[in-house]
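All of the numbers you see were taken from the coordinates with simple rules; none came from a lab. Everything numeric in this text was worked out from a predicted model, so none of it was measured. Note: ideal-geometry Cβ built from the backbone for every residue, glycine included; neighbour counts use all protein chains shown.
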Protein chains: 2
Amino acid sequence: MGKDDRSKNFNLKVPKGTRDWTGEDAALRDRLFETVTTVFKRHGATTLDTPVFELKEILSGKYGEDSKLIYDLQDQGGELCSLRYDLTVPLARWLAMNPSVQSFKRYQIAKVYRRDQPAMTKGRMREFYQCDFDIAGAYDAMIPDAEVLKIVNDVFKALGWESYTIKMNHRKILDGMFKAAGVKEDLIRPISSAVDKLDKLPWAEVKQEMEAKGLSADIADQIGEWVQRKGGDDIIEFLKSDPVLSQNEDVKKGISDMELLFSYLDAFDARSHVSFDLSLARGLDYYTGLIYEVVTEGSAPQGKGKQQEVGVGSVAAGGRYDNLVGMFSGKPIPCVGISFGIDRIISILKARGESTQRAKDVDAFVMAFGGKGFTGMLTERMQVAQELWASDIKTEFSYKLKPKLPQQFKQAETAGVPLAVILGEEELKAGKVKIKVMGITDENNPEKDGVLVDRKDMVTEIRKRLPTANGA
Amino acid sequence: MGKDDRSKNFNLKVPKGTRDWTGEDAALRDRLFETVTTVFKRHGATTLDTPVFELKEILSGKYGEDSKLIYDLQDQGGELCSLRYDLTVPLARWLAMNPSVQSFKRYQIAKVYRRDQPAMTKGRMREFYQCDFDIAGAYDAMIPDAEVLKIVNDVFKALGWESYTIKMNHRKILDGMFKAAGVKEDLIRPISSAVDKLDKLPWAEVKQEMEAKGLSADIADQIGEWVQRKGGDDIIEFLKSDPVLSQNEDVKKGISDMELLFSYLDAFDARSHVSFDLSLARGLDYYTGLIYEVVTEGSAPQGKGKQQEVGVGSVAAGGRYDNLVGMFSGKPIPCVGISFGIDRIISILKARGESTQRAKDVDAFVMAFGGKGFTGMLTERMQVAQELWASDIKTEFSYKLKPKLPQQFKQAETAGVPLAVILGEEELKAGKVKIKVMGITDENNPEKDGVLVDRKDMVTEIRKRLPTANGA
């Protein structure tokens, strides 16, 4: 590390598809983490934190053709490892490794890695956060599923969101439909993935894709007639009354689950925002029952945010996957869960102008002033800062020996500090300090130039004048 | 993902040197994160979160011979990347990338990666947490340095630790000493690293190492005579009065810094636990001024923890590094910081028997009972749970349709839930629920069998009986 290194030309950037988090974004992210964690814990969840990389073989065979997006570590001798691609497979691996655990309600907030083509504008990154909540264990039907959806409601309620839809469907209903329509077994997943595009493409294009995949036009039309329905109890009524579907065993099983689910959601007061959408299919192969996706129709309120268009998009998704743990241990543990798209939710919060929170959250700035021969009063500023820290008041002061008063005010203003504590030699000798609420412009406010208080009352007087918590 | 995969033999483990965090360990870790974050924020710090991997060239040339421990990502096309080795180089990279930022007080809590030989018993892992606090910016001498040390005091005070020592020294004093003793320039770092072992080895062995490195016995003896001193102001007195050392320019500069530092620590009421230790050298090359290391003499109190011996060890370390940012941008920004060894601190907290915190933190368990024809009252349990969640009471209930009462009590007991809310059909009809504090064994306690309360008072009555926050 000699001086020669300075001349070296560094490529000063972060790797493609990654980013640093700081300032308002980090503050917004922390607030979001706190919100979701509070909800998860209210439901009795505990956290699981897994290594950022797993043995390569743990991940292989789990993600279908997306496996090519997995980041591998270089073979430097020893085990072959890959960066985690999601938080679901590590959970399944942990459950399989701990056979004494037969039930587990866990959350995990962590970054995952996908060597995808980054599209920053769409929020598609190579390193991004996932925030997962899952309930593992063999329970009576649909009870944990209903609690997961209750949690979805609780999270968005806590965020103050009104306009979102929880689209849900059931793999058994979907597969039963395909079978009832005459789709051959090996075409079910491909046709399912075509149906899943109905939220983005018109029916004609989806039908075209189905025909290209080898489905006859009349079967496609039959499917189209069915899957374009969405609603609530009326969808259950439709499925029960349709002469073909009502006879299919898979569909029947799915209907029974959905009826239970709706009654449980009613008990949880969590039926609002729900749409039973027969076109929802979800990409991942491992789902076995209920599936859901939360979408928001979120253009920002006019004139509030910088970006006006947020667009429709998925902000959370999940479902029931009863066989994944069994892939590791041979002993299946049924699971149901949800993954919140943290980065996307943050983009929307920002677009809605909710990043008003100060990145830096300091309560008081201790400063000093004096006339000719001013020493800077550094020790005195330090002592006062120390007293405030001891009282849990977030405090800063200038790291200069002899800072000028305007400099100190500017530093406090820039950091958005609400209160100044101003020390003067005469005042300190008289046992007093001045407290000034920053930014008072009203000439008639008696505290415009600050107020002298006894040093012993300093903490109390500061507390009186602090904005209430999170009052930004 | 067909059924065939089930037969596959997975190597069910985490990669060597990594671990999962869950249960009490995770709860203890979260408490520690909260403690240090509260202290950092009280001092006006904001967070910076960097990607888990950096461009390989960013890390190269920073860690000397330890560079071989860096994990590289496989070359899958595109940029060559490596997992971060610490949080200091990413901070320096960020500062260099953001030239408009001339000062920054940041903390970062994140995992770092070293392909070292793991030694679990010593707490040496390949993936482990670092928790860093740094102050970047050109300020008057020793002011930020003093605040970093104040933070060290605040963190261990918040953890309730009494027995720890903040060993400190100054690179300029150390280097000045070596020069004054006649050590040649190219031997200074090797001799420095020998001196650093004085906390583990007797002087005779350190002297042997020095001689092996090419130092003459009399120079070694002179150094030994100097570096084995430790204390407080008396060390400053010694340095100022020693006829050789007091004339060395580097030593003089160091003395002036240490005098300032001590006066600032006094102002911060942070002089306790400090030991000016002339043998402290610290391994990393990039330190340029004050260096420090926090050690604890921590065997656990008899009989409290499972492990009795924790041993002496470093739990935090850091110093001033004024040239690292300049290696990236050519424009140096002076920095001073500290890194807390989270995993080691957690081991010590556990050994001290402080992992009493419940891993699962649930307030109330809603259960139901009934006689012949008992329906299980699932909907009613769900409705009550929903009411409690809405009042921010952490609540669980059995996911069984018709759970037996002893089963429900057992589930609540196992999870350490303090309160049961018991529903009976008759009671519910009469608008009442029973609240029972779990684990009352005193026959004379009037609430031993629970107390019937009006449903409308349920939340209030539960709150009355909840243990106070963190009262574990």
**Study point:** Gap separating the Cα centres of region B:391-436 and region A:405-426, nearest whole Å
**Key:** 55
Practice item. Give, rounded to the nearest 20 debye, the magnitude of the charge dipole that region B:47-206 has about its Cα centre when Lys and Arg contribute +1 at Cβ and Asp and Glu contribute -1 at Cβ. Key: 280
Point to revise | Among B:MET177, B:MET210, B:ILE223 - extreme Cα towards positive end, dipole of region B:164-276, charges at beta-carbon | key: B:MET210
Review point. On a 0 to 90 degree scale, rounded to 10, what angle separates helix A:88-97 from the longest Cα axis of chain A?
Key: 80
Practice item. Report the label-to-label distance for B:LYS464 and B:ASN98 in nanometres (one decimal), using points 7 Å from each Cα along the Cα→Cβ vector. Key: 5.2
Exercise for review: Give me the distance between the Cα centres of region B:29-94 and region A:246-260, rounded to whole Å.
Suggested key: 51
**Study point:** For region A:72-172, convex hull of alpha carbons as volume per residue, Å³
**Key:** 168
Revision key, fill the gap. Excluding residues fewer than 8 positions from B:LYS429 in its own chain, the aspartates and glutamates with Cα under 13 Å of it are B:GLU380, B:ASP454
**Study point:** Crossing angle, helix A:203-212 versus chain A [Cα axis fit, 0-90 degrees, rounded to tens]
**Key:** 60
**Study point:** Spherically averaged projected area in nm², based on the convex hull that wraps the Cα atoms of region B:25-85
**Key:** 6.5
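Would you mind checking B:LYS167/B:LYS253; B:LYS252/B:LYS331; B:LYS184/B:LYS253 for any pair whose Cα atoms are more than 24 angstrom apart?
Exceeds cut-off: B:LYS252/B:LYS331.
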Check your understanding: Based solely on its DSSP helices, what 222 nm [θ] is calculated for the protein assembly as shown when runs of n ≥ 4 H residues each add -39,500 (n - 2.57) and the sum is averaged over all residues, nearest 500 deg cm²/dmol?
Key -> -11000 deg cm²/dmol
Check your understanding: What aspartates and glutamates could a cross-link reach from B:LYS230, if we take a straight Cα to Cα line under 13 Å and drop same-chain neighbours fewer than 8 places away?
Key -> B:ASP199, B:ASP277
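Taking a 29 Å limit on the Cα-Cα distance, which of the listed pairs A:LYS464/B:LYS394; A:LYS402/B:LYS41; A:LYS68/B:LYS56; A:LYS62/A:LYS200; A:LYS172/A:LYS213; B:LYS197/B:LYS240 fall beyond it? Intermediate values should be presented prior to the final figure.
Details: A:LYS464/B:LYS394 32 Å; A:LYS402/B:LYS41 25 Å; A:LYS68/B:LYS56 22 Å; A:LYS62/A:LYS200 26 Å; A:LYS172/A:LYS213 22 Å; B:LYS197/B:LYS240 26 Å.
Pairs exceeding the cut-off: A:LYS464/B:LYS394.
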Exercise for review: Enter the angle in degrees (range 0 to 90, nearest 10) between the Cα long axis of helix A:217-227 and the first principal axis of the Cα atoms of chain A, meaning the one along which they spread out most.
Suggested key: 50
Practice item. Give me D for chain A in µm² s⁻¹, whole number, from Stokes-Einstein with Rh from the Kirkwood sum over alpha-carbon pairs, 25 °C and 0.890 mPa s. Key: 93
**Study point:** Rel. contact order, % - alpha carbon contacts under 8 angstrom, at least six apart, chain A
**Key:** 14
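Only bridges with both residues in the protein assembly as shown count here: give the DSSP antiparallel percent, nearest 5. Write out the running numbers ahead of the final one.
Details: 105 of 133 bridges.
The answer is about 80 percent antiparallel.
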Review point. Per residue, what volume in Å³ does the Cα convex hull of region A:370-431 take up?
Key: 89
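Given charges of +1 on the Cβ of Lys and Arg and -1 on the Cβ of Asp and Glu, with all other atoms neutral, how large is the dipole of chain A about its Cα centre, in debye to the nearest 20?
Dipole magnitude for chain A comes out near 1880 debye.
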Study note, to complete from the structure: So the compactness index of region B:137-256, its C-alpha Rg divided by 2.2 N^0.38 Å, takes the value 1.20
